[in-house]
Amino acid sequence: MKKPSTHDQEEREFGEEVDSLWRIVFSPLVWVFHFLACYIVTAIICAKMPAGDTLAGLRWFILGITLTSLVGIAAIGWRSWKQWGFVDDGVKVQDLPTEEHRHEFLAHASFLLSIVSFIGVCYVAVPAIFLDSCR
Amino acid sequence: MTTKPSSTHKLLTAALVLPLSGCDGLQSVLQPAGKEAAEIATLFHVLLVGAVVLWILVNGIFFYVTRLNPRPLSRRAAETLIIGGGILFPTIVLGILLAWSMSLMSSQRELGNAPVSVSVTGEQWWWRVQYRREDGSLLASANELRLPAGERTEVTLTSNKVIHSFWVPALAGKMDMFPGRVTRLALQPETTGTYRGQCAEFCGTSHALMAFQVVVMEPNDFERWLDDQAAPAKEPEEALALEGRQVFLREGCGACNTVRGTPAAGTTGPDLTHVGGRTTLGAGILPTTPDAFTRWIQHTESIKPDVYMPSYEHLEQSVLEALGHYLKGLS
Ligand SMILES: [Cu+2]
């Protein structure tokens, strides 16, 4: 029986990562959509119905979209954290040309970007708390 | 005997004049005379002190670890420093500052409630001003804003042709003026006095020469001033001023400028009915003395490059003087 090579073994174990380069942009993308949704919807509401009590609705909308975004980013962050596997092997620097290091490096980057995106989404939402008119 | 000032001396004077001229309070965000400006100044001072403290702290730590006590940090200490000082601390501090500055937003944008409201239109390069009184009557003026102290006056802003920005640093933040759009702000000056405003958005050749003065008066004085402004122009009494009025009408000044009470009713240029009583001429650039009027009319295009008003260089000096005299008399 032919023994599988180390390379094949690695590829099987970390094979899901063939397309995971994409995953590192997921969190920033959520941040981008949250930002655009907040600003565009606010602009439209203030342009179309500047008077009246439309701002309460706007606030609920921003609260909803913010919580959704935060949950999404937290999920992506959690998944990257698991994939990074820091707790298992304690590796912080992935600088070897191996499948394993590639696998963990992408997760590491994705995890850090999730933190930045989480903070970013919170900051984008802060003005909604203080908004009391379209002026 | 007089000693010639050395060039270093001159340079030093020049270097001091610029920063110090910003300290007289006429046009300084650091000497607020209005509610909005006071809030902005507080925000600025807190940020400034915070920035200085942080700068000293960060550079102090740098100095300590590189010069005073250079030694390798343990991995744990390094990570605590990076996560604590690089992520947690700035996130919390910036979050607090963000929330604080946002909380100022609503009071900065509060509507005015004074009986008089003002609309200002940006022109190239001057300010068209119109007061609307409680009874609905309108009053045209230019290049000067008078406001009642202690009251919150609503100011609507728009522009003709290009974007300008309305800024009276001692009273409030700035607000852009767009052609075809109306923006607003409210001014709530707390102390009487004279302040200076300046166009804060590049708007063409003479952008830097587009200023105005804001005179903050006691509410009673302000009402009286409005009554005076509503009256037509004063009849000239002296012969020289009478001649000036004739020249004014003969030379076609009335095609562009209004002097209420005379046939001059043009609206392309500023309303001159009470121009002699204003604090400045040519949108904040000359005093309102008869001489300044004469110079302005004679050399308009060199005093304010690319202005629409032509220079009247062809007029004789005596005629120009009569004009200057007449205009100064329109108080
Ligand atoms: Cu301008």
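The values are calculated or read from the model by the stated rules, or taken from the named source; none is laboratory data. Nothing here was measured: the structure is a model prediction, and the numbers come from that model. So basically every Cβ, Gly included, is an ideal-geometry build from the backbone, and we count neighbours across all protein chains shown. Quick note on the areas: whole protein, heavy atoms, side chains included, nothing else; ligands and nucleic acids left out. Shrake-Rupley method; radii C 1.70, N 1.55, O 1.52, S 1.80 Å.
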**OP:** Answer with yes or no whether B:K161 is open to solvent by 30 Å² or more (accessible area, probe 1.4 Å) and within 16 Å of the ligand (Cβ to nearest atom).
**Re:** yes
Subject >> Residues within region B:276-295 that are out of contact with any helix residue (DSSP H, G or I) (no Cβ under 6 Å at 6 or more places or on another chain) and in a helix (DSSP H, G or I), tallied >> reply: 4
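This table checks each residue for (1) assigned to a strand (DSSP E or B); (2) assigned by TED's automatic domain parsing to the domain that holds B:M175; (3) more than 16 Å from the ligand (Cβ to nearest atom); (4) more than 19 Å from the chain's Cα centre (by Cα).
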site: B:A200; (1), (2), (3), (4): no, yes, no, no
site: B:A208; (1), (2), (3), (4): no, yes, no, no
site: B:V216; (1), (2), (3), (4): yes, yes, yes, no
site: B:N220; (1), (2), (3), (4): no, yes, yes, yes
site: B:Q229; (1), (2), (3), (4): no, no, yes, yes
site: B:T268; (1), (2), (3), (4): no, no, yes, yes
Subject >> Condition broken by B:A140, with the remaining ones in (1) touching an Asp or Glu at 6+ places or on another chain (Cβ under 6 Å); (2) in a loop (DSSP other than H, G, I, E, B) satisfied >> reply: (2)
**OP:** All but one of (1) more than 14 Å from every other protein chain (Cβ to nearest Cβ); (2) touching a strand residue (DSSP E or B) at 6+ places or on another chain (Cβ under 9 Å) hold for B:R152, so report the exception by its number.
**Re:** (1)
**OP:** Within region B:176-196, track down each residue that is within 11 Å of the ligand (Cβ to nearest atom) and not hydrophobic (A, V, I, L, M, F, W, C).
**Re:** B:D176
Original post:
What is the one condition in (1) in contact (Cβ under 8 Å) with a residue 24 or more places away in the chain; (2) within 13 Å of the ligand (Cβ to nearest atom) that B:G173 does not satisfy?
Top reply: (2)
Original post:
When you go through (1) within 10 Å of another protein chain (Cβ to nearest Cβ); (2) open to solvent by less than 90 Å² (accessible area, probe 1.4 Å) one by one for B:N59, which number turns out not to apply?
Top reply: (1)
**OP:** For region B:143-158, enumerate the residues that are outside any strand (DSSP E or B), away from the ligand (no atom under 16 Å from the Cβ) and open to solvent by less than 30 Å² (accessible area, probe 1.4 Å).
**Re:** B:A149, B:R152
**OP:** Answer with yes or no whether B:A233 is of a type in the set (A, V, I, L, M), within 16 Å of the ligand (Cβ to nearest atom), assigned to a loop (DSSP other than H, G, I, E, B) and open to solvent by less than 40 Å² (accessible area, probe 1.4 Å).
**Re:** no
Subject >> Which listed residue is modelled with pLDDT of 90 or more and out of contact with any Gly (no Cβ under 8 Å at 6 or more places or on another chain), from A:C38, A:C46 >> reply: A:C38
Original post:
Which condition number does B:D135 fail, the rest of (1) away from the ligand (no atom under 16 Å from the Cβ); (2) open to solvent by 10 Å² or more (accessible area, probe 1.4 Å); (3) in a strand (DSSP E or B) being met?
Top reply: (3)
Subject >> Within region A:25-135, helices (runs of 4 or more DSSP H) holding 3 or more residues that are open to solvent by 40 Å² or more (accessible area, probe 1.4 Å), within 22 Å of B:P90 (Cβ to Cβ) and without any contact (Cβ under 8 Å) to a residue 40 or more places away in the chain >> reply: A:99-130
Original post:
Of the residues that make up region B:130-144, is at least one at negative phi, within 14 Å of chain A (Cβ to nearest Cβ) and out of contact with any Gly (no Cβ under 8 Å at 6 or more places or on another chain)?
Top reply: no
**OP:** Find the residue count for region B:1-50, including only residues that are of a type in the set (K, R), at pLDDT 55 or above and open to solvent by 70 Å² or more (accessible area, probe 1.4 Å).
**Re:** 1
Original post:
Quick one: B:F166 ticks every box in (1) on the phi < 0 side of the Ramachandran plot; (2) out of contact with any Leu (no Cβ under 6 Å at 6 or more places or on another chain) bar one, so which box is it?
Top reply: (2)
